[in-house]
Amino acid sequence: MEENIWWRGKDYIEDDIDIKKWNSAKFKWIPKEMDKVSLQPFSLNFIVGPRQSGKTTLIKLLIKRLLELNHHPLSIFYCSCDLVSDYEELLKRIREYLRTRRQEGIKSSFIFLDEVTFVKDWYRAVKYLIDSGEVLSDVFTISGSSSLAILKQKESFPGRRGNGTDVVLYPLSFSNYVKVINPRIEIKPGWYGEIEELFQSYIKIGGLPPSINGLSPLKTYIDWIIYEINKVGRDETLAKQILSAILSTTPSKISYNSIAKDIGVNHRTVAEYIKLFNDMFLTLTLHFIDVNTAYFNYKKQIKIHFLDPLFYDAISLWTGVKKPDEPIIVEGVVASHLSRIYNIGYTEVGKEEIDVVTLPEVVGYEVKYRERARQVKVIAGKMKKVITLSKNGENDTVPVHLFLAELNA
């Protein structure tokens with residue numbers, strides 16, 4: 001048997017992941033999420049995130065790492081599930097692989113099911129294999145762009161996850177975007193101008209790989225949104241109306257009731273749809289934080305941002321609502337980045353609204369993306385510090401592009 005082959009369904013695929021070709025120079029950015037995926041048997045891992053956020057690339061990099069660690073190629077099973085019809089076919093493919101593996105004397109495997117939500121009732125096949133004891137010496141890693149389906153169906157595996165982990169693959173943060181575009185850049189004088197230029201491009205194209213690679217994926221993301229909405233049995237027209245309301249009001253405070261009144265539906269319906277958008281990693285909802293107690297107050301109004309700058313363009317194209325101005329998008333970028341590290345919300349102190357508050361540290365962040373911004377000096381309750389993020393860093397403010405370039409989000 002050739003050494004540089006791996007098993008995929010019924011066929012051996014030659015040289016599909018040739019290590020000599022897949023050297024690290026080809027990948028300027030190695031996602032930190034690689035280290036979050038458990039490779040210790042038994043594990044059932046889930047990788048979720050927006051469409052084309054790099055989940056398949058992450059899996060292939062994991063396979064590359066396994067081969068570099070001298071795992072036998074036949075101990076690695078990769079199945080791209082977009083052409084698998086149902087759970088019975090998926091089960092048949094995996095069991096065929098397991099039978100061949102046993103014939104070669106290999107006792108443990110790394111099984112990757114990519115875009116598994118294309119497969120009807122896929123979880124039934126995986127659950128059966130776990131319950132039958134056939135894969136308890138193996139590592140399953142399952143990915144899907146249909147994050148809603150993954151998040152719902154993983155609940156079918158109570159007590160069956162082993163060492164498994166959940167990994168969210170977000171769009172590239174600005175700090176990683178800088179590393180991809182120019183790995184030589186350092187966050188120090190001499191590079192500040194180039195970092196600012198890169199930030200200008202980032203808030204236009206965002207952190208999703210197709211956009212970074214110069215493609216125009218807006219139609220792809222509109223189709224993805226529609227697909228996700230239909231897949232969970234929601235109304236496409238109603239979703240479009242709610243997204244229109246969000247885009248036209250962001251980042252102002254709104255309520256489920258105000259949106260519901262404008263559209264003519266129940267406020268609970270609006271809340272369900274907004275939760276759906278959050279679960280799709282399309283939007284990000286900020287609730288009010290009482291800085292005296294450091295707890296959320298869910299009775300107050302909410303603020304909603306889009307998770308990536310590209311989504312503003314996609315929703316604008318789909319709904320016909322004008323895309324917001326740069327300062328609003330920058331505020332959304334700051335909120336999105338901080339949400340990957342902390343629990344976040346917003347607050348008000350007197351007449352002063354603080355755009356983002358992080359927990360548990362209770363630190364405020366106010367975005368003033370304009371010329372001649374001034375530092376916001378607010379201390380209240382447990383919030384002893386507010387960092388003002390500005391366009392150019394005047395008047396004791398922090399340049400937002402440098403702040404995000406250093407933030408390990």
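The values are calculated or read from the model by the stated rules, or taken from the named source; none is laboratory data. This one's a predicted model, so the numbers in the text were calculated from it and none came from an experiment. No Cβ is skipped: glycine too gets one built from the backbone with ideal geometry, and neighbour counts run over all protein chains shown.
If you check Gly345, Gly332, which single one turns out to be crowded, with 21+ Cβ neighbours inside 10 Å, in contact with a Leu (Cβ under 6 Å, 6 or more places away or on another chain) and in contact (Cβ under 8 Å) with a residue 12 or more places away in the chain?
Working: Gly332 fails: in contact with a Leu (Cβ under 6 Å, 6 or more places away or on another chain).
Of Gly345, Gly332, the one residue that is crowded, with 21+ Cβ neighbours inside 10 Å, in contact with a Leu (Cβ under 6 Å, 6 or more places away or on another chain) and in contact (Cβ under 8 Å) with a residue 12 or more places away in the chain is Gly345.
If only one of Glu348, Glu353, Glu331 is of a type outside the set (Gly, Ala, Ser) and in a helix (DSSP H, G or I), which one is it? Show your work before the answer.
Details: Glu348 fails: in a helix (DSSP H, G or I); Glu353 fails: in a helix (DSSP H, G or I).
One residue alone meets the criteria, Glu331.
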Restricting to region 252-291, what's the tally of residues that are buried (at least 16 other Cβ atoms within 10 Å of the Cβ), assigned to a loop (DSSP other than H, G, I, E, B) and without any contact (Cβ under 8 Å) to a residue 24 or more places away in the chain?
-> 0
For region 203-251 the number of residues that are over 16 Å from Leu282 (Cα atoms) and not in a helix (DSSP H, G or I) is 6
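Right, Asp355: touching a helix residue (DSSP H, G or I) at 6+ places or on another chain (Cβ under 8 Å), assigned by TED's automatic domain parsing to the domain that holds Gly233 and in contact (Cβ under 8 Å) with a residue 60 or more places away in the chain or not? Explain how you work it out, then say what you get.
Working: touching a helix residue (DSSP H, G or I) at 6+ places or on another chain (Cβ under 8 Å): yes; assigned by TED's automatic domain parsing to the domain that holds Gly233: yes; in contact (Cβ under 8 Å) with a residue 60 or more places away in the chain: yes.
Considered against the rule, which asks whether it is touching a helix residue (DSSP H, G or I) at 6+ places or on another chain (Cβ under 8 Å), assigned by TED's automatic domain parsing to the domain that holds Gly233 and in contact (Cβ under 8 Å) with a residue 60 or more places away in the chain, Asp355 comes out as yes.
Sort out which residues of region 126-142 are crowded, with 24+ Cβ neighbours inside 10 Å and of a type in the set (Val, Ile, Thr), and write them in order of number.
Taking region 126-142 as the starting set, the residues that turn out to be crowded, with 24+ Cβ neighbours inside 10 Å are 126, 139-142.
Those that are crowded, with 24+ Cβ neighbours inside 10 Å and of a type in the set (Val, Ile, Thr): Val126, Val139, Thr141, Ile142.
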For region 66-97, enumerate the residues that are under 26 Å from the mean Cα position of the chain (by Cα), buried (at least 17 other Cβ atoms within 10 Å of the Cβ) and more than 16 Å from Phe140 (Cα to Cα).
-> Val84
Has region 102-109 got at least one residue that is more than 30 Å from Tyr202 (Cα to Cα) and surrounded by 20 or more Cβ atoms within 10 Å (Cβ to Cβ)?
-> yes
Just one listed residue, out of Val167, Val180, is under 18 Å from the mean Cα position of the chain (by Cα) and either among the small types (Gly, Ala, Ser) or in a helix (DSSP H, G or I) (or both), and it is Val180
Return the pairs, sorted by first residue and then second, in which the second residue is at pLDDT below 95 and not in a helix (DSSP H, G or I), the first residue lies in region 79-98 and is in the same structural domain as Val116 (by TED's automatic domain parsing) and polar (S, T, N, Q), the beta carbons are less than 7 Å apart, and the residues are 6+ apart or on different chains.
-> Ser80/Asp114; Ser80/Glu115
Quick check: anything in region 337-344 assigned to a helix (DSSP H, G or I), modelled with pLDDT of 95 or more and not small (Gly, Ala, Ser)?
-> yes
